[in-house]
1. Mind pulling the angle between the C-alpha long axis of helix 48-61 and the longest principal axis of the chain? Nearest 10 degrees, somewhere in 0 to 90.
2. Let me have the 222 nm mean residue ellipticity of the chain computed from DSSP H runs of 4+ only, each contributing -39500 (n - 2.57), with the sum over all residues rounded to the nearest 500.
3. Please order 74, 61 by the number of other Cβ within 10 Å, starting at the fewest.
4. Determine, for 57, 38, the number of other Cβ atoms within 10 Å of each Cβ, and report the residues in order from fewest to most.
5. If we count other beta carbons within 10 Å of each Cβ, what is the order of 14, 46, fewest first?
6. What FRET efficiency, computed as 1/(1 + (r/R0)^6) with R0 = 22 Å and r the Cβ-Cβ distance, is obtained for residue 133 and residue 104, rounded to the nearest 0.05?
7. Can you give the Kirkwood hydrodynamic radius for the range 69-139, in Å, rounded to one decimal and based on Cα pairs?
8. At what distance in nm do the modelled label points of residue 52 and residue 91 sit from each other, each positioned 7 Å from its Cα along Cα→Cβ?
């Protein structure tokens with residue numbers, strides 16, 4: 001029997017933060033997804049660029065192994081609420097894990113990547129590889145083909 005690989009430790013403060021999935025009410029940490037390729041996108045409900053980017057991510061997810069990839073969206077607008085985010089998710093037919101980032105998580109992201117990570121229209125996206133490697137992608141809209149390649153480059 002082959003030994004099972006130990007998932008990498010994802011120790012970034014924002015990945016260790018306890019979040020709540022707005023669809024299920026369950027608590028989770030991004031770090032708990034270690035071993036999968038994880039797409040983390042900061043967003044806001046009002047952001048049309050975010051909506052377009054999410055559409056392309058969902059298209060890309062159709063070309064990837066769903067057992068090897070997780071998609072987490074963090075609402076970084078301090079004025080938005082979990083019920084409003086849940087309604088946005090449902091209204092758009094989305095299935096990813098949506099959570100309100102909260103002040104501490106948002107500050108941890110900004111401390112690590114700069115304030116632009118908190119600017120939803122710049123479509124910020126972080127990729128965490130199956131090996132635990134964390135990469136902030138270029139800002140700006142990414143095509144579904146680019147997303148597929150980024151995720152595959154990160155082990156999925």
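1. For 48-61 against the chain, the angle is about 20 degrees.
2. That calculation yields -9500 deg cm²/dmol at 222 nm.
3. 61, 74
4. In order of increasing Cβ crowding within 10 Å: 57, 38.
5. So the ranking, lowest neighbour count to highest, is 46, 14.
6. On the way: r = 24 Å, r/R0 = 1.09.
Between residue 133 and residue 104 the formula returns 0.40.
7. On the way: mean 1/r = 0.0759 Å⁻¹.
Kirkwood radius, the range 69-139: 13.2 Å.
8. 1.9
Since every read-out is calculated from the coordinates, none of them should be taken as a lab result. Remember, it's a predicted structure, so these values are computed and weren't measured experimentally. As a convention, Cβ positions derive from the backbone with ideal geometry for all residues, glycine included, and neighbour counts pool all protein chains shown.
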